[in-house]
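Okay, so here's the structure we're looking at.
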Amino acid sequence: MNTTGSPAEAPEACQQLAASGHSQLIVLHYNHSGRLLGRAGPEDGGLGVLRGLFVAVSSLVVLENLLVLAAIVTRMRSRRWVYYCLVNITLSDLLTGLAYLVNVLLSGPQTFHLAPASWFLREGVLFMSLAASTFSLLFTAGERFATMVRPVAESGNTKRGRVLGFIGLCWLLAALLGLLPLLGWNCVCAFQSCSSLLPLYSKAYILFCVVIFACILATITVLYGAIFRVVRANGQKASRHPVRRKARRLLNTVLMILVAFVVCWGPLFGLLLADIFGSNVWAQEYLRGMDWILALAVLNSAINPLIYSFRSREVCRAVLGFLCCGCLRLGLRGPGDCLARAAEAHSGASTTDSSLRPRDSFRGSRSLSFRMREPLTSISSVRSV
């Protein structure tokens, strides 16, 4: 299919389509990038079974994060900085799943019925949610580093205000990053500077995003590397077996975070770099891989709750208590079983909460202040002043 016309006519037609906001502008860019090669027309190319699989992946991400978010908000009594970090990560991953679901449902033939502004919004919200997720991981790693390696004395209100301020900054930067193409940083009618994988996105913008995400990955690696060394050193010095076991648990969590992030995001970075510096012929040869690679990056939002939440006994109790109450209301479990499980969770949570009270251990005994505590999720439960 070829709808671009002659080289001399294409720019004029493109400018007219851009001025009117016509959906034909998307067809023009997709055709120029080669995305329509081998297809009978824009209406051809539905994803079929593959599309259904991507919808299932996004639905899994949404339901999983929605469950964890509801359990944290309704069942956890702690309101330390860890709580806000967990809510922030879960919320960003929930938005990622929703954005990816909308992206999949509006892809295929529906793409060519979108106005250019709608296309930029479709892609921009997904970029924004992915950026919010990675910024949240970076912020959480920074807070863990500050708590465990460089503790600073500050009041609870000051700590809470600073955490909330940085969370707001994360979302502001993510929104700005995702909406830059809609605000003007795009390649509309500048075909030579357009990406082959995202035909209306400028290669310069994609390179900018890749550099930012690569810097975030490097920073997260450095921060968790420092935490890894501190925890390993403390575990080796500890004489008691429970302390060494807790240290190993936290080390395993740190390694899981790094491996999941690299495995899920590495292929997307590589594909985008190849799109920027490679030829259109190469991009078309590996174009189908983009769907799987993007799904892999989104899948990181399904892995995050498993690492950040379900490795914490407190959050596990909150999720089990939430599910138990839901089953009880639906009549799927006996009241006795549910009440027993809830009492067990409440008892365990009380033990956990007692170790997290602000500075109680410092008031009671000096030795307790240096005792290693059970890590709350991948984020350390070591209390900063």
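The values are calculated or read from the model by the stated rules, or taken from the named source; none is laboratory data. No experiment lies behind these values; they were computed from the predicted model shown. Ideal geometry is used to build each Cβ from the backbone, glycine not excepted, and the neighbour counts take in all protein chains shown. Keep in mind that these areas ignore ligands, DNA and RNA; they rest on the heavy atoms of the full protein, side chains included. Shrake-Rupley method; radii C 1.70, N 1.55, O 1.52, S 1.80 Å.
When you check Thr96 against the structure, is it more than 24 Å from Leu296 (Cβ to Cβ) and modelled with pLDDT of 80 or more, yes or no?
no
Could you list, in sequence order, all residues of region 73-90 that are farther than 18 Å from Gly142 by Cβ and of a type in the set (A, V, I, L, M, F, W, C)?
Within region 73-90, Val73, Met76 qualify.
For region 61-75, does any single residue satisfy the condition of being at pLDDT 80 or above, outside any helix (DSSP H, G or I) and in contact with a helix residue (DSSP H, G or I) (Cβ under 9 Å, 6 or more places away or on another chain)?
So far as region 61-75 goes, no, none of its residues is at pLDDT 80 or above, outside any helix (DSSP H, G or I) and in contact with a helix residue (DSSP H, G or I) (Cβ under 9 Å, 6 or more places away or on another chain).
Which residue, of Ile293, Ile307, Ile257, is at pLDDT below 85, crowded, with 17+ Cβ neighbours inside 10 Å and either outside any helix (DSSP H, G or I) or touching a Phe, Trp or Tyr at 6+ places or on another chain (Cβ under 7 Å) (or both)?
On the way: Ile293 fails: either outside any helix (DSSP H, G or I) or touching a Phe, Trp or Tyr at 6+ places or on another chain (Cβ under 7 Å) (or both); Ile307 fails: either outside any helix (DSSP H, G or I) or touching a Phe, Trp or Tyr at 6+ places or on another chain (Cβ under 7 Å) (or both).
It is Ile257.
Might you let me know whether region 40-52 holds any residue that is open to solvent by 70 Å² or more (accessible area, probe 1.4 Å), modelled with pLDDT under 80 and over 22 Å from Ser196 (Cβ atoms)?
Taking every residue of region 40-52 in turn, at least one turns out to be open to solvent by 70 Å² or more (accessible area, probe 1.4 Å), modelled with pLDDT under 80 and over 22 Å from Ser196 (Cβ atoms).
Out of all the residues in region 188-211, which are without any contact (Cβ under 8 Å) to a residue 40 or more places away in the chain and either assigned to a loop (DSSP other than H, G, I, E, B) or surrounded by fewer than 16 Cβ atoms within 10 Å (Cβ to Cβ) (or both)?
Ala190, Gln192, Ser193, Ala204, Phe208, Val211
Quick one: Val243 ticks every box in (1) modelled with pLDDT under 75; (2) open to solvent by 20 Å² or more (accessible area, probe 1.4 Å) except a single one, so which number is it?
(2)
Across region 178-187, what is the number of residues that are in a helix (DSSP H, G or I) and farther than 17 Å from Ser129 by Cβ?
Selection size over region 178-187: 1.
Please work out which residue is modelled with the lowest pLDDT, limiting yourself to region 1-39 and to residues that are of a type in the set (D, E, K, R) and assigned to a loop (DSSP other than H, G, I, E, B).
Arg39
I need every pair where a residue in region 111-124 that is at pLDDT below 90 and among the polar types (S, T, N, Q) has its Cβ under 8 Å from the Cβ of a residue that is assigned to a helix (DSSP H, G or I) and open to solvent by 10 Å² or more (accessible area, probe 1.4 Å), sequence separation at least 6 or different chains.
Hits for this filter: Thr111/Tyr30.
Go through (1) within 23 Å of Thr134 (Cβ to Cβ); (2) at pLDDT 85 or above one by one and return the number of the condition Leu105 breaks.
Only one criterion in (1) within 23 Å of Thr134 (Cβ to Cβ); (2) at pLDDT 85 or above is unmet by Leu105, namely (1).
Look at Tyr84 and say whether it is assigned to a helix (DSSP H, G or I), over 30 Å from Ala18 (Cβ atoms) and not hydrophobic (A, V, I, L, M, F, W, C).
The answer is yes for Tyr84.
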